[in-house]
1. Within 10 Å of each Cβ of B:86-92, how many other protein chain Cβ atoms are there on average?
2. Indicate, rounded to the nearest 5 percent, the antiparallel portion of the DSSP beta bridges found entirely in the range A:89-228.
3. With labels modelled as points extended 7 Å from the Cα through the Cβ direction, what inter-label distance (nm, one decimal) is found for residue B:55 paired with residue B:25?
4. Considering only the label points, 7 Å along Cα→Cβ from Cα, what distances in nm to one decimal separate residue A:193 from the same position in each other copy, shortest first?
5. I'm a student and want to see the number: the projected area of the Cα convex hull of the range A:151-212, averaged over all directions, in nm².
6. What number, in percent, do you get for the relative contact order of chain B if the mean sequence gap of Cα pairs under 8 Å and at least 6 apart is divided by its residue count?
7. Need the full-extension length gain, residue A:175 to residue A:122, defined as separation in residues times 0.36 nm minus the C-alpha distance. One decimal, nm.
8. FRET efficiency for residue B:132 and residue A:202, Cβ-Cβ distance as r, R0 = 35 Å, nearest 0.05?
DNA sequence: TCAATAGTGTCTGTCAGACATTATTAC
DNA sequence: GTAATAATGTCTGACAGACACTATTGA
C-alpha cells in the first residue's frame, strides 16, 4: 500500500478554500470573489488556491497566505472545516480541497467592488466546483458549534457590548434569544472580561463594554435554543 | 493563483488514515497494524494508504478500500475526522493525510496477531507520523459528539439492550451515567425501535432488545454529562 | 427463598424562557 | 417629562441526577 510509485497514484490536485463569513445588516454573508483564472474564469467562487509545498507549513498556512494575497485579510479566526475530494469536482482532474471556515468582523473586510462581494448565505448565486455544498457545511458548522462556544463572538471586534454579542449569536445561529437569559448565561460562564468602559449611542442608556476573557472556547451548556 | 504549473506546487503526497475504535472489556481501543513497507516498516501505526486517483471516487472510498484490504472490515461507521498536512509529518515529503474516525463492534474485527492489535487509547505505544495526535483528536471527537448523538451505538451490533447501550456510552464518553436518566432520555428521544424480543443471561431478568430507528443521528440535549 | 439484573416512580436542584420592572442616557 | 435601550428580578416548566422501589428470571 505505502508503495514507492507515487507518480500516478497520488496525482491529486491539492488546494485550500475558505468560507469567510461576516455579519452585515443582521444577515450572515459569505465572501465571494471573481475567479481571475481558468477554470471558471470570471465566475463567483470561494477564495482559494493551490497549496505551495515549497513555502506552506501546512494547509492552514496556505489558507492564510491565500486569504492575505487574495482578500487582503489576515489574523482572522480560522478553523478547518472538512476536505472535499474526487475526480469530478474540478475539471482539471482528481482534486482535494481542504476547506476552512473563517469568521471576521465585517469592518475588517475591504471589498473591492467587482472583484469581491459579501453575499447572503440564504441567496447564493450559482457557484462552480462544490462550493455551494461547502458553504452549506460551513453554515451548519457555525450553527452547530456556535450554540456552545464563543465562535459567534469572532464576528465582533475586540470590544463589544452584551447587546452586540447577543445580536451576533442571533444572526449566527439563526434564532432569537431572550436577552435576560443570554446575559445571565454569558456572564455566569465567566468568558467575558469587563473593560470598565461604556458605550453610548443615541438617546439611550450606555452599555458596558466587554471583551473575550480568552480565545474562542467551548462550554457544555448551550446559549439559547430557539424562539420565544 | 489557480495557475497551470501544477508540477511542483501541488506535489503533495495524498493519503488517508483511519482511527478504528472499538470497545473491548469496557475499554476504548484503537486498531493498529504493523507497517509492511517503508517508511517505518515493522512499526505499529494507524491503517492507511495512498489515494488511488484512478479508482477512488473520493477520500472516503479510498479509506473504505484500504480498510477492507488491510483490515478486512467493511460496512463500518466512518466519518471524516480532519486533514493533517505539512512537510515534515512524512519523511517522503510534503504530505496530506485525510484522517477518518471509524467505529466498529469489536466482534466484527478479526485480529491477525502480530500484524494487528487493539490497543487501549490510554496506553499508546510510540507511533510514527502524527498518528498519536490523530488518535487523540479522534477520541476527542467521539467524546464531544457522542454525548449528543447515537455515535456510541455504532460500537454495538444491530440489536442491543439498554444496558449494553448505556455501557457503550459510558466507555465512549469516559463517564458514568445514571441508569434511570439514561433510559428515560433515550426512550423519550424516539431513536430506538423495540424489536419485541428479549435477551436473558444468567440468573437475571431478561432485557428488551432494541435497535436504532434510523442511522446515526444527533439530538440537541446531551446524554449524561458526568459522574454521580 | 436468594442473587442479580431490568425497569419504574418520585423528589429535588438547576436552569432556560418569559416577562415585568427598574436604571440610565439624550432630548 | 418621553423615548429608547440597558440591566435586573422573579416566576414557572422542563429535565437531569439521585435513589428508593418493584419486576422477572434461574437456581
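1. Numbers: counts 7, 6, 2, 1, 1, 0, 4.
Rounded to a whole number, the mean comes out at 3.
2. Taking every DSSP beta bridge within the range A:89-228, about 90 percent pair in antiparallel fashion.
3. Roughly 3.7 nm, to one decimal.
4. Inter-copy label distances (nm, one decimal, shortest first): 5.5.
5. Details: hull surface 17.4 nm².
Over all viewing directions, the range A:151-212 projects a mean Cα-hull area of 4.4 nm².
6. Working: 384 pairs, mean separation 44.0, N = 228.
With pairs under 8 Å counted, the relative contact order is 19 percent.
7. 17.6 nm
8. Details: r = 56 Å, r/R0 = 1.61.
It comes out at approximately 0.05.
No value in this document is a laboratory result; all are computed from the given coordinates. Quantities reported herein were computed from a predicted structural model and do not represent experimental measurements. All Cβ positions, even for glycine, are placed from backbone atoms using ideal geometry, and neighbour counts span all protein chains on display.
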